[in-house]
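Everything below concerns the one structure shown next.
Please treat every number below as a calculation from the coordinates, not as lab data. Keep in mind that this is a model prediction, so the values were computed, not measured. Neighbour counts run over all protein chains shown; Cβ positions are idealised from the backbone, glycine included.
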Amino acid sequence: MNHVFIDSNLWLYLFVGDDTNKLQAVKNLLVACNKNNAIVISFQVLNEVAFNLKKKGFSEETIRSIISTMEDTSIVIDFSVDIILNASELREKHSFSYWDSLIIASAAASYCKKLYSEDMQDGKAIGDLRIENPFKLSEKTSI
């Protein structure tokens with residue numbers, strides 16, 4: 001089974017986005033990934049989603065429900081020293097932000113082939129991992 005990593009920004013479109021086209025694109029991506037892949041996220045993704053939902057006024061009960069659903073539908077990985085060290089190397093080599101480098105290192109450590117994110121360099125390959133902006137997928141091959 002292929003593994004794909006879904007970045008925090010995409011999950012947030014499901015709950016706080018006001019762009020209906022992007023909301024539908026994320027829904028389609030998640031449905032397609034659930035059929036063909038194992039969705040991977042990290043504790044960082046869960047933390048970022050919870051933080052942003054609270055900023056948007058969501059109740060703690062709702063946040064807990066959303067986080068539980070994300071956990072139930074994804075493989076959630078924790079940080080390790082190796083991931084943090086790899087993130088440091090990625091920052092040095094590619095000039096990624098601290099948080100983006102942790103996402104990329106987490107995806108790589110999980111043997112993901114694709115990292116879906118709106119905020120990173122679309123099309124960039126890092127080893128076997130390729131970063132893709134799902135809002136540009138109509139121009140690309142299948143998930």
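Residues with beta-carbon under 9 Å from that of N9, excluding N9: net charge, scoring Lys, Arg +1 and Asp, Glu -1?
Once all neighbours under 9 Å are counted, the net charge is -4.
I want to verify a result. In a Gaussian network model of the chain, Cα cutoff 10 Å, which of these has the top mean-square fluctuation: K27, K93, K54?
Taking springs between Cα atoms under 10 Å, the residue moving most is K93.
Which of L115, L102, L85 ends up with the largest GNM mean-square fluctuation for the chain, with Cα atoms connected below 10 Å?
L85
Give the shape of region 1-122 as rounded, prolate or oblate, defined through the alpha-carbon gyration tensor: a ≥ b ≥ c are the square roots of its eigenvalues, a/c under 1.5 means rounded, and otherwise the shape is prolate if a/b is larger than b/c and oblate if not.
It is prolate, given that a/c is not under 1.5 and a/b is the larger ratio.
If each Cα of region 14-69 is one equal point scatterer, what is log10 of I(q)/I(0) from the Debye formula at q = 0.20, 0.21, 0.24 Å⁻¹?
Here log10 of I(q) over I(0) equals -0.88, -0.95, -1.11.
At a threshold of 8 angstrom on Cα-Cα distance, excluding pairs fewer than six apart, so keeping six or more, what relative contact order does region 8-63 reach in percent?
This gives 41 percent for region 8-63.
For every other residue with a beta carbon closer than 12 angstrom to the beta carbon of L115, add +1 if it is Lys or Arg and -1 if Asp or Glu, then tell me the sum.
-3
Considering only C-alpha atoms, what is the centroid distance from region 1-19 to region 39-54, in Å?
10 Å
Rounded to the nearest 500 deg cm²/dmol, what is the calculated helix-only ellipticity per residue at 222 nm for the chain, with -39500 (n - 2.57) per DSSP H run of length n ≥ 4?
-17000 deg cm²/dmol
Would you work out if region 76-124 is rounded, prolate or oblate? Take a ≥ b ≥ c from the square roots of the eigenvalues of the alpha-carbon gyration tensor; rounded if a/c is under 1.5, else prolate when a/b is larger than b/c, oblate otherwise.
oblate
Membrane-span-like helices in the chain: DSSP H runs reaching 20 Å or more (Cα, own axis), mean Kyte hydropathy at least 1.0?
Helix filter hits for the chain: none.
Most exposed first by the Cβ proxy, i.e. fewest other Cβ within 10 Å, how do D18, D82 rank?
D18, D82
Where a Cα-Cα gap under 26 Å defines reach, which lysines qualify for K55, not counting those fewer than 8 residues away within the same chain?
Once the sequence-local lysines are set aside, what remains near K55 is K22, K27.
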